[in-house]
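Following: one structure in structure tokens, then a few remarks.
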Amino acid sequence: MNAKKVYRLYRALGLQLRNKTPKRRVKAKLREDRAPAVRPNNVWAMDFVHDQLATGRKLRILTVVDTFSRFSPVIDARFSYRGEDVVATLDRTCRKVGYPKTIRVDNGSEFVSRDMDLWAYQRGVTLGFSRPGKPTDNAFIEAFNSKLRSECVNTHWFLSLEDACEKLDRWRRHYNEERPHSAIGNIPPIMLANPTGATSPPDPGQAENSRPERSKVG
């Protein structure tokens, strides 16, 4: 039986390639298994935004948003991001706001790394991977990143990493605490994420992360 006949039978029977689940310690959920979030910290979405300083040095900005409340627990900028850096940022953030049940991510090397896999396994977090080439599988973070880019990244010059972290965190606090969102009843995300009304604390780790990175600049 040659390849042409196999392909003809394959098409006639309407067969499709099976979605393979990556061999990880945690379950990698397929797109059709996803259910909408029903409470805060149920499902987070995470991705990167790329930009640069006024000097031309590249920046990578890790963005995270809660898909139920639209609350953003962290926006963290660095010159480079590896899997262990993502783990450090998530662990620092989760100690303040709690651990999510699921985090939706794409198949970037930082998210499929051994460090990320081990962290998720130890914390009981499920990594929900998008299908390759399907950004709509993680539509919440795509919409969030679009707002961040149009309202903050594209409207500011970042003079240094510390300056970028300060401006990004200022935008995040405005987004969380003052800006009403029609998808959640025209209230700010903080009202769903924290009904007591407490404001979102600044991220003390951002300044710490920026100091060693800035020392690399000549």
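The values are calculated or read from the model by the stated rules, or taken from the named source; none is laboratory data. Worth saying up front: this structure is predicted, and the values here are computed from it rather than measured. Here Cβ is always computed from backbone atoms with ideal geometry, including for glycine, and neighbour counts include all displayed protein chains. The protein model used for the area step is the full one, side chains on, heavy atoms only, and it has no ligands, DNA or RNA in it. Shrake-Rupley method; radii C 1.70, N 1.55, O 1.52, S 1.80 Å.
Here is how the numbers come out for the structure above:
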{"read-out": "Conditions (1) part of a helix (DSSP H, G or I); (2) touching a Phe, Trp or Tyr at 6+ places or on another chain (Cβ under 6 Å): number failed by Pro100", "value": "(1)"}
{"read-out": "Positions within region 149-162 being free of Cβ contacts under 8 Å to residues at least 12 places away in the same chain and buried (at least 16 other Cβ atoms within 10 Å of the Cβ), in sequence order", "value": "His156"}
{"read-out": "Arg95 among the basic types (Lys, Arg), surrounded by fewer than 21 Cβ atoms within 10 Å (Cβ to Cβ) and within 13 Å of the chain's Cα centre (by Cα)", "value": "no"}
{"read-out": "Flag for Leu59 being modelled with pLDDT of 65 or more and either assigned to a loop (DSSP other than H, G, I, E, B) or surrounded by 11 or more Cβ atoms within 10 Å (Cβ to Cβ) (or both)", "value": "yes"}
{"read-out": "Residue count, region 175-198 (criterion: open to solvent by less than 80 Å² (accessible area, probe 1.4 Å), outside any loop (DSSP other than H, G, I, E, B) and free of Cβ contacts under 8 Å to residues at least 24 places away in the same chain)", "value": "2"}
{"read-out": "Residue within region 137-148 that is at pLDDT below 85 and outside any loop (DSSP other than H, G, I, E, B) present", "value": "yes"}
{"read-out": "Region 118-136, subset surrounded by 20 or more Cβ atoms within 10 Å (Cβ to Cβ) and either on the phi > 0 side of the Ramachandran plot or not aliphatic (A, V, I, L, M) (or both), residue modelled with the highest pLDDT", "value": "Trp119"}
{"read-out": "Failed criterion for Ser109 (all others in (1) farther than 19 Å from Pro73 by Cβ; (2) surrounded by 19 or more Cβ atoms within 10 Å (Cβ to Cβ) hold)", "value": "(2)"}
{"read-out": "Complete set of residues in region 77-97 that are within 26 Å of Lys134 (Cα to Cα), part of a helix (DSSP H, G or I) and hydroxyl-bearing (Ser, Thr, Tyr)", "value": "Thr89"}
{"read-out": "Residue in region 163-174 that is surrounded by the fewest Cβ atoms within 10 Å (Cβ to Cβ), counting only those that are among the basic types (Lys, Arg) and without any contact (Cβ under 8 Å) to a residue 40 or more places away in the chain", "value": "Arg170"}
